[in-house]
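For reference, the structure is listed below as structure tokens.
The values are calculated or read from the model by the stated rules, or taken from the named source; none is laboratory data. It should be emphasised that the depicted structure is a prediction, and the values quoted were computed from it without experimental measurement. Methodologically, a virtual Cβ is constructed for each residue, glycine included, from the backbone with ideal geometry; neighbour enumeration extends over all protein chains shown. Accessible surface is based on the protein model in full, side chains and every heavy atom, while ligands, DNA and RNA are left aside. Shrake-Rupley method; radii C 1.70, N 1.55, O 1.52, S 1.80 Å.
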Amino acid sequence: MIKVENLSKSFGHKLAVDDVSFHVRRGEVLGFIGPNGAGKSTTMRIITGFFPSSEGSVFIADVNMAEKPLEAKSKIGYLPESAPLYSNKTVYEFLSFAADIRGFKGDEKESRIDDAVAKCFLEPVLHQSIDTLSKGYKHRTCFAQAILHDPDVLILDEPTDGLDPNQKREVRNLIKEMGKTKAIIISTHILEEVEAVATKVVLISAGRKVFEGTSAELKAKSDKAGTVTLTINGVESELARATLSNLSSVDGVEIAGGEVFSITPKDNSIDTSKEVLDCVTQKGWSVEEFSIDKGRLDEVFHKLTICDEEVN
Amino acid sequence: MSFRNIKALMKSEIGSYMVSPAAYVFVIIFLLLSGSFTFLLGGFFQSGQATLSVFFMWHPWLYLFMVPAAGMHLWSEERRSGTLELLFTMPVTPFECIIAKFFAAWAFIAVGLFCTFPVVLTVSYLGNPDFGAIMTGYLGSILMAGSYLAITGFTSAITRSQVVSFIISVVVCLLLIFIGWPPITNTLVDWAPRGLIDFFASLSVMSHFESIQRGVIDSRDLLYYFSVIGFFLFLTSITLKNHRSG
């Protein structure tokens, strides 16, 4: 549904996006993450046709954005970063303008507006001037224009920025729900959001793609991924450490305090937890607590992006 | 080019003018100034002639500030608030947006100009004016306003600041007035070829406005105004394209 091929964009001598490729199918929500200034918004702006690319192509439902921009844009709903709006209009006037541009008339126009208003919980402020709205309502008003025409493709730049926790939850649920039938890209630097809504992740740093996969795969790149934490009662610590250290998939064992052991696997081995569990069962040790660290996104994020930041 | 899109964009723009208190203030100031220039400074009653020449003669100067004030927001505000991104990612072409914004603002100025009809009523009550000359005077006036507006549209596309847009626009419009002004052209006579001076003088809004308000519709005058409008709308589109191309 969304195909980005070898996209590059330079502003003067500065290369903002460098040979980025990915695709999003219908039913997928792509979490587009990266540090501030990594090129996320620039990439979004190229995908939505606001910026022309320096190199590469964008296809929206097989329509080339550079060749048929109007057709491609008609299939997209876009929430730009900071949700810009015409502040002298009321919410209704603004949505009515968006509906006019999308070619809706009469009853269909009204029903589209009603539907978007209901989905974004805008009824209380429908006839209020936009410049008097809170940040959350402004954000949702811009979100409403993005979904008003029920597009196949949604591009959402920081969709929960400035929302309170309840509103964030509502918007994430809405994205998840719409993600079942649409192709969605959400740009964010809130990593929990990626875990909450995205079915796949693209991480960019200094304009380059440094990772593409699921959030679980991204987490697995964490140094701590696969680390087993174990609390054993009634066993002499050094004996337990020596025994666990001898296991084939174990790289090292640390005594994290008292009877708590932190076991680091070799090469993020997924077999470590099973081997450790088998060992303690066989020995008949009494296990009070057993947990496997699935890795931390913030740590991987830091690891994959810090080199580029340092270079820059 | 889709007329449906232009209509939707114009409707939105005109709607913005209608809810803006600044727009009403603009019209009132325009009427007050044009009235005082005509009746107080222009000596309308003392002239003893049933013509609107003293009314129209102030328009190039009045528009010099009023039109940039009316149009300085056209693109600079879109750029400042970020709505340009919203607009240009909708299924509309930049050309449609430029045309719609220009015509909406021009229509707004035309409404302001229309509100000066009591001047026409006054002159027809007092005497027997040449209505043909009055109509061409209004035509010339609105075309000149359109030219100034196209210039302002361009200056508002090159900056996010409405104030900067206003100042540059006033300077450019002033240049178009002065370029054919005899005190300026006379200083050039000594060293510049006659043809060059005539060419520059022909670029002045003044010479074209003077002939059209006398009741003569010359195709060269119409061509001049439409050329200025077309040229600056074209420059606006280039500027907006460059802004997005980086």
With just the Cα atoms of segment A:2-219, tell me how far they stretch along each of the three principal axes, in Å, largest first. 45, 38, 33
Identify the residues of segment A:90-123 with backbone N under 13 Å of a label point that sits 7 angstrom from the Cα of B:Ser2 along the Cα-to-Cβ direction, or state none. A:98-105
Over 25 Å between C-alpha atoms is what I'm after, so list which of A:Lys109/A:Lys200; A:Lys168/A:Lys200; A:Lys109/B:Lys7 land there. A:Lys109/A:Lys200
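Sum up the charges of everything whose Cβ sits under 13 Å from the Cβ of B:Gly71, counting Lys and Arg as +1 and Asp and Glu as -1, but leave B:Gly71 out. Provide the component values of the computation, followed by the final result.
On the way: positive: B:Lys101; negative: B:Glu13, B:Glu77, B:Glu78.
Net local charge, B:Gly71 excluded: -2.
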Using only protein heavy atoms and a 1.4 angstrom probe, determine the accessible area buried between A and B, summed over both sides, in Å² to the nearest 100. 2500
With -39,500 (n - 2.57) per DSSP H segment of 4 or more residues and division by the full residue count of chain B, the 222 nm estimate, nearest 500 deg cm²/dmol, is -25000 deg cm²/dmol
The answer for the per residue Cα convex hull volume of segment B:116-246, in Å³, is 150
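Compute the signed sum of charges (Lys and Arg +1, Asp and Glu -1) over the other residues within less than 14 Å, Cβ to Cβ, of B:Met144. Write down the numbers at each step before the final one.
Values: positive: none; negative: B:Glu210, B:Asp221.
Result for the local shell: -2.
Tell me, what is the percent relative contact order of chain A, built from C-alpha pairs under 8 Å that lie six or more residues apart?
On the way: 610 pairs, mean separation 63.1, N = 312.
Reported as a whole number, the value is 20 percent.
Percent of Cα-Cα pairs more than 15 Å apart in segment A:137-213, please. Walk me through the numbers before you get to the answer.
Details: 1659 of 2926 pairs.
Result for the distance tail: 57 percent.
On alpha-carbon atoms, Rg over Rh for segment A:91-157 using Kirkwood Rh? Don't jump to the answer; show the numbers that get you there.
Numbers: Rg = 11.2 Å, Rh = 11.9 Å.
That ratio is 0.94, to two decimals.
Averaged over its residues, how many other protein chain Cβ atoms are within 10 Å of peptide B:87-99's Cβ atoms? Could you put the intermediate results ahead of the total?
Values: counts 5, 7, 15, 13, 13, 4, 3, 0, 0, 2, 0, 0, 0.
That works out to 5 on average.
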Sum of -39500 (n - 2.57) over DSSP H runs of 4+, divided by residues of chain A (222 nm, nearest 500): -11000 deg cm²/dmol
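Where the convex hull is taken over the Cα atoms of chain B, what is its projected area averaged over directions, in nm²? Write out the running numbers ahead of the final one.
Values: hull surface 60.8 nm².
Taking the Cα atoms of chain B, their convex hull projects to 15.2 nm² on average.
When you look at the Cβ of every residue in B:79-86, what mean number of other chain Cβ atoms sits within 10 Å?
Details: counts 0, 1, 5, 6, 6, 3, 12, 14.
Other-chain Cβ atoms within 10 Å of each residue's Cβ, averaged: 6.
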Compute the relative contact order of segment A:46-181 as a whole-number percentage, counting only Cα pairs closer than 8 Å that sit 6 or more residues apart in sequence. 29
Just B:Thr93, B:Thr187, B:Thr51 to compare: in a GNM of chain B, with alpha carbon springs under 10 Å, which one fluctuates most? B:Thr187
Scattering profile of segment A:1-54 at q = 0.31 Å⁻¹ [log10 I(q)/I(0), Debye over alpha-carbon scatterers]: -1.43
Scattering curve values for the protein assembly as shown, log₁₀ I(q)/I(0), Debye with Cα scatterers, q = 0.10 Å⁻¹: -0.92
Stick to the Cα atoms of segment A:228-293, pair each with every other, and give me the Kirkwood hydrodynamic radius in Å at one decimal. 11.5
Please check: in the Gaussian network model of chain A (C-alpha springs, under 10 Å), which one of A:Leu174, A:Leu277, A:Leu156 has the largest mean-square fluctuation. A:Leu277
Residue among B:Tyr24, B:Tyr138, B:Tyr148 with the largest mean-square fluctuation in a Gaussian network model of chain B, springs linking Cα atoms under 10 Å: B:Tyr24
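Can you tell me the FRET efficiency between A:Glu195 and B:Phe234 if r is taken as the Cβ-Cβ distance and R0 is 45 Å, rounded to the nearest 0.05?
0.35
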Distance in nm between label sites at B:Ile167 and A:Val63, each 7 Å beyond Cα in the beta-carbon direction? 4.4
